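Visitor: Sharing a structure below in structure tokens format, with a few things to ask.
The values are calculated or read from the model by the stated rules, or taken from the named source; none is laboratory data. Here the structure is a predicted model, which means the values were calculated and not measured. Counting neighbours? That spans all protein chains shown, and the Cβs are built from the backbone with ideal geometry, glycine included. These area figures cover heavy atoms from the full protein model, side chains too; ligands, DNA and RNA do not enter into them. Shrake-Rupley method; radii C 1.70, N 1.55, O 1.52, S 1.80 Å.
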Amino acid sequence: MERQPRIILISAVISAVIGFAAGFIGGGLAPHPTSTPSPAALIQAQDFQLVDQAGRVRGRLGADAHGAARLTLFGPDGTLPRVSLAANPQGGAELELGDGQHQNAMEFKADQGARNLAFYYEGKLRLGLEVQKNGEAAVNLYDQGHRLISLGLSNQGDPHLTFYGEGHKAALDLVSKKNGDRSLNLLGKNGTPRVVLGLKDDRKAALGLFDPKGKTRVALMDEPSLILLKDGKPVRSLP
């Protein structure tokens, strides 16, 4: 009667030993999981290209022929740049955006001397914002790539408005200064003043007429007085 329980106990011990041995052997022979390789600390190349499923180049990172480090992203056709970001060797940076039909739609440039933001329509410049090295700022409007109107601010904070005419030269200039001086200048084709209407220190007003060479012909002041000149010399004065 006691033999059967003893046999069952011995069988259970043998099974446990065999199971333990099989687990040990299996663990020893099983392949150990490999560790995830660490990313490379440094990757160097002169040009990186991003291609789509069709093999078309959609992006490029590298140095261009002028020595600028440039990132360029292309449209689906792989030819027209949509985005171009560059750091030039002179220390400046530029960002260009394309509209899919023309290379330039918007352009931003910044360097040690100036800041410029330009907007294009059908590849031609229409609007420009700029800040010069001396602190002067201006908003410029263009037609066919030529500047027509400029609204500016001097580095002293004096605003001025300029219209451009034939030969892309200033034709009308309006200036207002903080000290009270105001002037409206009509300019000839060569850029010389022809008509000047001015207000000095918010007190004295004057009107000047000039010949094509820029010499004064008539001066009208609020003294009141009227002076007629020839070759820059007074010939008549009223009163």
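Visitor: Accessible area per residue of region 73-230 at 1.4 Å probe, in Å²?
Guide: Per residue, region 73-230 has 62 Å² of solvent-accessible surface.
Visitor: Under 20 Å from the Cα of Lys200, which aspartates and glutamates turn up, not counting those fewer than eight places away in the same chain?
Guide: By straight Cα distance, Lys200 reaches Asp158, Asp173, Asp181, Asp222, Glu223.
Visitor: So, counting K/R as plus one and D/E as minus one, what does the shell of residues with Cβ under 15 Å around Arg126 add up to?
Guide: Computed value for this residue: -3.
Visitor: Working out 0.36 nm times the residue gap between Asp64 and Asn190, then minus their Cα-Cα distance, what length gain in nm do you get to one decimal?
Guide: Stretched out fully, the Asp64 to Asn190 stretch lengthens by 41.2 nm.
Visitor: Please tell me the relative contact order of region 131-175 in percent, rounded to the nearest whole number, where contacts are Cα pairs under 8 Å and at least six residues apart.
Guide: Contact order relative to length: 27 percent.
Visitor: If each residue of separation counts as 0.36 nm, what is the full-extension length gain between Leu148 and Ala110 once their alpha-carbon separation is subtracted?
Guide: Extra length available between Leu148 and Ala110 comes to 11.3 nm.
Visitor: Turning to a different aspect of this structure: In this model, which of Lys189/Lys215; Lys109/Lys133; Lys169/Lys213; Lys177/Lys213; Lys189/Lys230 are farther than 24 Å apart at the alpha-carbon?
Guide: Going by Cα-Cα distance, Lys177/Lys213 fall outside the 24 Å limit.
Visitor: A follow-up question, please. From the backbone phi of region 69-84, what are the Karplus-calculated ³J(HN,Hα) couplings (6.51 cos²θ - 1.76 cosθ + 1.60, θ = phi - 60°) in whole Hz, Gly and Pro given as x?
Guide: Rounded to whole hertz, the list is 7, 10, 10, 10, 10, 10, x, x, 7, x, 10, 7, x, 9, 9, 9.
Visitor: At a Förster radius of 41 Å, what calculated FRET efficiency corresponds to the Cβ-Cβ distance of Lys177 and Leu42, to the nearest 0.05?
Guide: E between Lys177 and Leu42, to the nearest 0.05, is 0.10.
Visitor: What percentage of the solvent-accessible surface of region 100-239, computed with a 1.4 Å probe over protein heavy atoms, is contributed by carbon and sulfur atoms?
Guide: 57
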